[in-house]
Amino acid sequence: MSESPDDQIGDDLRDRMRIAALIILAVVHCGLVFPALLANLSSYRFPAVQLVVFGSLSLIIIMDALLEVAGRPRPRSWGVAWTVCVVLLSATASSELFAEQFFGTLHWTHLEVGWFVVVLFLGRKLSMTAIVIACYLAITLLQLMTKGLPSRVEGAGMMISALIVSAFQIATAAMANQVRDYAAAAKRAMRDQERLRTEATVLAQMEAERRKRYRELRTTIVPLLRGLADGSLSARDEATRRRCATEAARVRRLLVERDQASDALAHELHACIDAAERSGVDTQLAIRGAPANLPWRIASALTEPVAKVLAAARGSARVTVVRGDDSIRVSIVADAPRLHIPRPDVRGVGVSTLYRGQRLWLEVAYELQSSSSETIPS
């Protein structure tokens, strides 16, 4: 199943943000931290500990980068688990430092722990990133206090350095969240535009169908009215009255099509039944099944034969609608003379009739899976 354009835009922006954050982290790790570590490696009491910590952090970067290249989503607990590991590794590397060494380049993990947090918590709330960075700074402060507090000048310098680095990291996370919000807004805008374009297309198709039926209606109703006007047709004639009832039902159906109805089929059937009851036909309607999202064209094809039977019915009639998962069936049982019921010109719609004396049974069926082209929302 292909992604929609707005989903592709959102995924693309998210991937670009993650790649940019990974690049920043890799540059800091390899371009700033690694040279500083090598230059001061002999100053540590246990250089092997520093190298192991650096290698472990490098492994975390490589693993996250491989997931990005493979296009695989991160596990749910990925960010939290590796962030805890990063903080513990940083605490291990700085555990052998003296108080005055926390201020210099020997405390190399201070330069990149925040960047790990930004990468691993990308896409989450900004407050979570800030809380994790604050927790790391608190752990560093506790370690410093156990080593002995530095002088006031050194302490102020350390505080300013920590604030500058942390503020820049949090600002980067905030910018990533802002880009994410822009992506979400772009997705909503594109979705609204697509909905409006679809609605405009559907309305244009509906209007074209209405105009076509109005033209067809003129070919049947105008001769009828002309015949009644010039006396060539008599209103006392049964066939003429039947034609008048049929045309009246067609006009009422065309009028109700302009209404915004969630169930187009039931809406049109009620219009036909209303016209029949005005002519003295006692009509009952039974509907089974949930409403189907049918275009007016199909709803009209299902109701046209029923309307013709109702126009010719005498006494009583019963209309039944059965809506299933794969088909919709509209049937009518009525006292009516033999009628010529033309087959609808809509693909997937079939008509069946059965006469038993003066009793007529008619069924119009539409197979929902017969044509995907007829499923345009109404």
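Annotation note: Cβ proximity below 7 Å between a residue of segment 300-317 that is among the polar types (S, T, N, Q) and open to solvent by 10 Å² or more (accessible area, probe 1.4 Å) and a residue that is modelled with pLDDT under 85 and assigned to a strand (DSSP E or B) (sequence gap 6+ or interchain) occurs for no pair. Condition check for T198 on (1) within 30 Å of I131 (Cβ to Cβ); (2) touching a Pro at 6+ places or on another chain (Cβ under 8 Å): one failure, at (1).
For segment 234-250, the set of residues classified as within 16 Å of G280 (Cα to Cα) and among the hydrophobic types (A, V, I, L, M, F, W, C) consists of C244, A245, A248, A249, listed by residue number. Which residue is surrounded by the fewest Cβ atoms within 10 Å (Cβ to Cβ), if the candidates are limited to segment 353-368 and must be at pLDDT below 90 and either in a loop (DSSP other than H, G, I, E, B) or among the small types (G, A, S) (or both)? Going through the qualifying residues, I end up with G357.
Every residue, every condition in (1) at pLDDT 75 or above; (2) basic (K, R); (3) closer than 30 Å to L106 by Cβ, yes or no:
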| site | (1), (2), (3) |
| --- | --- |
| L126 | yes, no, no |
| C135 | yes, no, yes |
| L141 | yes, no, yes |
| L144 | yes, no, yes |
| M175 | yes, no, no |
| K187 | yes, yes, no |
| A200 | yes, no, no |
| R226 | yes, yes, no |
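Sub-7 Å Cβ pairs linking a first residue in segment 49-74 that is closer than 26 Å to S94 by Cα and open to solvent by 30 Å² or more (accessible area, probe 1.4 Å) to a second residue that is not aromatic (F, W, Y) and not in a helix (DSSP H, G or I), at least 6 apart or interchain, are V49/E96, ordered by first then second residue. Just one of the listed residues (V49, V69) is closer than 26 Å to K147 by Cα and among the β-branched types (V, I, T), namely V49. For segment 108-133, residues that are in a helix (DSSP H, G or I) and in contact (Cβ under 8 Å) with a residue 12 or more places away in the chain total 17.
The values are calculated or read from the model by the stated rules, or taken from the named source; none is laboratory data. Being a predicted model, the structure only gives us computed values, none of them experimental. Glycine also receives a Cβ, built like all others from the backbone with ideal geometry; neighbour counts cover every protein chain displayed. Accessible surface is based on the protein model in full, side chains and every heavy atom, while ligands, DNA and RNA are left aside. Shrake-Rupley method; radii C 1.70, N 1.55, O 1.52, S 1.80 Å.
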